[in-house]
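The numbers here are math on the coordinates, done by the rules we state, and not lab data. All figures in this text were calculated on a predicted structure; none of them were measured in a lab. Quick reminder, even Gly has a Cβ in these numbers, built from the backbone with ideal geometry, and neighbours come from all protein chains shown.
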């Protein structure tokens, strides 16, 4: 009798689950807001794009910062809609400037009143948005090549202090300027709830490890009593231990398999190969080398065109090597 009763209850539970369908996602109000302050910026000297952020929120670096070299950088926060990251970068890559991309993202989002967003494109044009239902104090400030934004802050002075500090350090590298701006915002009161995590993301074409990608600096402090100070320590450690990344030459949007004069012959295959890699990296990001019947090809990815540039190496009859097209 007991077994029959248990079987009947199991069947009833299964039937009810089929009728009711899958469990609905939790309401947005149940999701903690990514209340924070951030800065998004562009460096016209190097082409670097970056985001720095601090929050009383665990692992803020996994949510807020998004960036792609030669495309743009984005900070999405306050009940963050993380689709703003990849979708916003796609809009920028398709040619939309920052304010247009921002408008399209906000218009399509039903939760726009609770969102906060900052965007800078690859030409340094900046735009920001603060929803009317973001928790006070909430707001943003847009300047030349940057925007600062925050919510649940001590006051407007937080974003003003960030902006002023960023502008005052125009001669410093972008990463140091971004972190200094965070420190200034914290000194002005920061997040009203306190401190927990911070992150710094800077992208540069070919700036990643061994020039294989564009992720130049990517530092996270997930849970710390003084996350900005820890971020400063990590950045200083990065500078001491990692070789400086080459500042890339500008990439023309139509630069793929570009005709060019042959470089002088090289005496060894290694010297010719290194020259070809340098040439490829000047126009894109080195991908690898392929042997051919007459020599070799060095391939480099061109981000602006999303295609591959080919630098051809050819061995001459006298045994020397040259770069040809």
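Taking every pair of alpha-carbon atoms in the stretch 146-207, what share in percent sits in each 10 Å bin, from 0 to the bin with the longest distance?
23, 50, 23, 5
Using Cβ counts within 10 Å as a stand-in for footprinting exposure, how do 195, 133 rank, fewest first? Numbers along the way, then the final one.
Details: 195 19, 133 13.
So the ranking, lowest neighbour count to highest, is 133, 195.
Under the rule a/c < 1.5 gives rounded, and otherwise a/b versus b/c splits prolate from oblate, where does the stretch 111-164 land using the Cα gyration tensor?
Values: a/c = 3.73, a/b = 1.29, b/c = 2.88.
It is oblate, given that a/c is not under 1.5 and a/b is not larger than b/c.
Please rank 230, 167, fewest neighbouring Cβ atoms within 10 Å first, as an exposure proxy.
Details: 230 18, 167 14.
Exposure proxy ranking, most exposed first: 167, 230.
Give me P(r) over the stretch 97-139, computed from all C-alpha to C-alpha distances, binned every 5 Å, as integer percentages.
5, 25, 29, 20, 14, 6, 1
Give the distance, in whole Å, between the Cα centre of the stretch 190-221 and the Cα centre of the stretch 32-93.
10 Å
Gain in length, residue 90 to residue 222, computed as 0.36 nm per residue apart minus the alpha-carbon separation, to one decimal in nm? Please list the in-between numbers first.
Working: separation 132, 0.36 × 132 = 47.52 nm, distance 2.76 nm.
Length gained between residue 90 and residue 222: 44.8 nm.
Cα gyration tensor of the stretch 30-241, axes a ≥ b ≥ c as square roots of the eigenvalues: rounded (a/c below 1.5), prolate (a/b > b/c) or oblate?
Judged from the Cα gyration tensor, the stretch 30-241 comes out rounded (a/c under 1.5).
Give me the Kirkwood hydrodynamic radius of the stretch 93-196 in Å, from all C-alpha pairs, to one decimal place?
Details: mean 1/r = 0.0699 Å⁻¹.
14.3 Å is the Kirkwood radius here.
Multiply the residue separation of residue 237 and residue 113 by 0.36 nm, subtract the distance between their alpha-carbon atoms, and state the gained length in nm to one decimal.
Numbers: separation 124, 0.36 × 124 = 44.64 nm, distance 3.97 nm.
Stretched out fully, the residue 237 to residue 113 stretch lengthens by 40.7 nm.
Using only alpha carbon pairs under 8 Å that are at least six residues apart, calculate the relative contact order of the stretch 30-241 and give it in whole percent. Intermediate values should be presented prior to the final figure.
Working: 578 pairs, mean separation 50.3, N = 212.
Once divided by the residue count of the stretch 30-241, the mean separation gives 24 percent.
How far, in nm, would the chain grow between residue 215 and residue 133 when pulled straight, counting 0.36 nm per residue and subtracting the alpha carbon separation?
Numbers: separation 82, 0.36 × 82 = 29.52 nm, distance 3.38 nm.
Roughly 26.1 nm would be gained on extension.
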